[in-house]
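Below: the structure, in structure tokens.
Every read-out reported here was derived from the displayed coordinates using simple, explicitly stated rules and does not represent laboratory data. Being a predicted model, the structure only gives us computed values, none of them experimental. Every residue, glycine among them, receives a Cβ derived from its backbone with ideal geometry; neighbour counts consider all protein chains shown.
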Amino acid sequence: MQTFDYVIIGAGSAGCCVANRLSIDKTKSVCLIEAGPKDNDLRIKIPIGFVMLMKHPRFNWLYASTPQAQLKNQSIPMPRGKTLGGSSSINSMVYIRGRPSDYDRWSELGCSGWDWKSVLPYFKRSEQNIRLGSDPRHGDDGPLYVEDPPSPHFLCNVFIEAGKEAGIPSNNDFNGEIQEGLGTYQLTMHNGRRWSSADAFLKPVIKRPNLEVITNAEVKVINFNNKRAESITIIKGNKLENINVNNEVILCAGAIGSPTVLLQSGIGPSAQLHDLGSNIIHDLAGVGENLHDHPAISTYFSAPFVGHGISLGTLPSILFSPIEYLFKRRGLLTSNTVEAGGFVRTNKKISEPDIQFHFIPARVGHQGSLIVWGRGYYSDVCLLKPKSRGRLWLEKIDGEYQPQIDPNLLADSDDKQTLIGGFKILRQIFAARPFRKFNSSEIYPGDEVKTDADIADYVLSHLGTAYHPVGTCRMGPADDPLTVVTPDLKVKGLDNVRVADASIMPEIVAGNTNAPTIMIAEKASDLILGVCPGIES
């Protein structure tokens, strides 16, 4: 049985960062546990390769929601990374922080020390922005490379110009003073390859003698003596092993994994744990509650001569792309697919954008297939500030605890109406003059979907998400009965367990969630080390 000062559960976007920062102190031992394998597969390293990992059981948990009654009983896919780097190893690498008001709102909700002024230094500490360098909002010497796409498709500029015709400005920095507008996304990429949290934080320090990284090891339970975590039980190679903890356990398993581990360990709503026949360690009503995500709806276009895709005309460039990538680190293989997009207000009376676009200059299948014959382009529109809230709980199936995930998407009617408004704006962009010359056609939902009622029916029948689940271990004040972690990220009522990942977000940020998750990990590390100003650790 091994013993460590700190045990980190989950080597994803947050866990790799926490492991790096805590192991700087050579007098402390750190263990990082990951359920998945190492991240040495080429499909992880080559940016476009993630398309082949979205349904791959080795690198992806392949979660799915419970049937959503309000969405015609659809089950919504919820992929999450299962390898070193976690979801940062299988995502589209888009670097978005959200906006200052997101974090000021957290502070208003009782999360002292998490306002924009307090979190900005942690974003900057991670970031090495190749184009923007160091300024009041950006960093230039952090371990996380942030770069422009090496070979953006010309359709990205067409999308931006079409937006201008539709009254939407361009924007060359969505993490700058103004979020609104259309542009190409900056990416967590370096020299044409994915730069995951594992690349940024773990690989440079993995040989530290006080850092142990265990892969292919699933955590079964945190073992407690009263309210203090004393050990972790993992299963590795069909064998159960225990790992002792001296100081703290830090959960970094994400919005699905972290509440699951807590519930399996007897931490959660007592009624639910009683029904499961679990040993109740601590009654904590908020575990698994407050689940939400960015709901999204898409439109698909075919075009005879433009956009990435598989056709007779594109075969030569496809065949040449490995050579171009090998020698120049450019071309098709460097595409993250989601090359452009932006943020728009559906109502000019509101002060900040309420929707986001993710534009892919490629033909995408609309019936579950990611690769289809033909060329074209695609975009989704996602709702930035959903009002709907869901939950996660456990059920015992074939003797094993399995998370049941109900995001309760569009339960609030305002969410649906905002999405409809965003979808109509997206159609205005694609109907604008810069796109007309390509002789393209909307293959889905198609021209027959015209009225608000038609669009509403399409939304309810084909809704997805941006794969940004958050909130299931909500941060808040200690006197709130649904608070799971207090602003120091300690699990309320436990002595030495913290959560540091997207599950602690009281409200989702306005944008992609990877960069904010790394920020949470940066701040968590200082909290643990007792060097975080404004919050008592």
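A few points about this structure:
- For the pair region 25-77 / region 7-21, the C-alpha centres are spaced 15 Å from each other.
- Considering only alpha-carbon pairs that sit under 8 angstrom and 6 or more positions apart, the relative contact order computed for region 117-172 is 24 percent.
- Paramagnetic label reach from LYS236 (point 7 Å along Cα→Cβ; backbone nitrogen cut-off under 17 Å): within region 51-89, residues 83-85.
- Ignoring the sites themselves, the chain has its longest run without GluC sites (Glu not before Pro) in a DSSP loop having at most 16 other Cβ atoms within 10 Å at 181-447.
- DSSP bridge orientation in the chain - percent antiparallel, rounded to nearest 5: 70
- Dipole magnitude of region 331-428 about its Cα centre (Cβ charges: Lys, Arg +1; Asp, Glu -1), debye to nearest 20: 540
- For SER170, distant residues with modelled amide H under 5 Å away: LEU182
- Take the Cα of ASP141, step 7 Å toward its Cβ, do the same at GLN417, and the gap between the two points is 5.1 nm.
- Taking other residues whose beta carbon is less than 11 angstrom from the beta carbon of GLY309, and scoring Lys, Arg as +1 and Asp, Glu as -1, yields +2.
- When you filter the chymotrypsin sites (Phe, Trp or Tyr not before Pro) in region 273-353 for DSSP loop state and at most 15 other Cβ atoms inside 10 Å of their Cβ, you are left with PHE305.
- Here is how the number arises for the chain: DSSP H runs of 4 or more residues each give -39500 (n - 2.57), the sum is divided by the residue count, and the result at 222 nm is -7000 deg cm²/dmol.
- A viscosity of 0.692 mPa s and a temperature of 37 °C, combined with the Kirkwood radius over C-alpha pairs in the Stokes-Einstein formula, give the chain a diffusion coefficient of 140 µm²/s.
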